[in-house]
Amino acid sequence: MTAAPVSGSDVLAALGTVVDPELDEPITDLGFVRSVVLDDDGVTVHLRLPTAFCSPNFAYLMASDAQDALRAIEDIGHVRILLDDHHDSGKINRGLAADAGYRGTFGSEAEENLDELRRTFRRKAHLAALERCLENLLKHSELTVDDIPSLTLSDIPPGRQKAALIRRRLDIGLSLCPASRVFVDDDGRPIPRAAVPMRLRFAKSVRISMEGNAHFCRGLLATRYADGDGGSATPRVADVRTSCSAIVRRVS
């Protein structure tokens, strides 16, 4: 039995799992996916960023994650990720095509380890998700800041915010047991009661900063591409495969 060929929707769904490490939002939602072209050989995806001088390590990380996400699609064929209009586009695109890795792409310019960069921003994403859950709980229940140290995951009502918190806890290796304390540090240690108000304020500042930066980046992107064919936040998707050689996935 055969399934339908890999579709543009399949590609966009996979790209939707790739997040900007600093903003913690999918690159598809941010408008960073410029176009998708499916052909008989595979798929070509063009990415773009709000400015030509966005951090090269962030740019590489997103492009590399996009490549990995698409390669995970069964029978996708050859995956080509191309970063447009960035001051390091040529270097990044050559490195991705050669599977050179971050250090192989940037050589002596690769001053920091991408794994550590990922950890740093995953921790920030967890802190922001945690603050959203607690802010919602404090606003819509009789709980107070004094109750926060004793809260467990089972006390957080189900919904989008809790699901996001669970994902972020998983990302940084925290327990998902319903009896686990909610307000913990990056290593899972409970925050001392006296430090809770200060930590909560810090978490709020992280969340506001991330949301503000995301809004700012959307504005920059819209302005940068306002007069060109890439002005829309919705990526162009084209399927130029011939009917006789379209990619077909086999399923049992």
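Odds and ends about this structure:
- Number of residues in region 133-189 that are over 26 Å from the mean Cα position of the chain (by Cα), small (Gly, Ala, Ser) and open to solvent by 60 Å² or more (accessible area, probe 1.4 Å): the value is 3.
- Taking residues in region 113-124 that are under 18 Å from residue 165 (Cβ atoms), and partners anywhere that are at pLDDT 90 or above and open to solvent by less than 80 Å² (accessible area, probe 1.4 Å), the pairs with Cβ atoms closer than 6 Å and at least 6 places apart or on different chains are 122/171; 122/172; 123/172; 123/186; 124/206.
- Residues within region 193-213 that are surrounded by fewer than 17 Cβ atoms within 10 Å (Cβ to Cβ) and within 16 Å of the chain's Cα centre (by Cα), tallied: 2
- Region 155-181: number of residues that are under 18 Å from residue 136 (Cα atoms), touching a helix residue (DSSP H, G or I) at 6+ places or on another chain (Cβ under 6 Å) and of a type in the set (A, V, I, L, M, F, W, C): 3
- Lone qualifier among 12, 61 - being touching a residue at least 24 places away in the same chain (Cβ under 8 Å), in a helix (DSSP H, G or I) and surrounded by fewer than 20 Cβ atoms within 10 Å (Cβ to Cβ): 12
- Hey, residue 103 in contact with a Leu (Cβ under 9 Å, 6 or more places away or on another chain), modelled with pLDDT under 95 and open to solvent by 30 Å² or more (accessible area, probe 1.4 Å) or not: yes
- Of the set (1) assigned to a loop (DSSP other than H, G, I, E, B); (2) open to solvent by 30 Å² or more (accessible area, probe 1.4 Å), all apply to residue 116 but (1).
- Every residue from region 9-24 that is at pLDDT below 95 and in contact with a strand residue (DSSP E or B) (Cβ under 6 Å, 6 or more places away or on another chain): 19
The values are calculated or read from the model by the stated rules, or taken from the named source; none is laboratory data. It should be emphasised that the depicted structure is a prediction, and the values quoted were computed from it without experimental measurement. Because the Cβ atoms are built from the backbone with ideal geometry, glycine has one as well, and the counts that use them run over all protein chains shown. The area values use the complete protein model at the heavy-atom level, side chains included, leaving out ligands, DNA and RNA. Shrake-Rupley method; radii C 1.70, N 1.55, O 1.52, S 1.80 Å.
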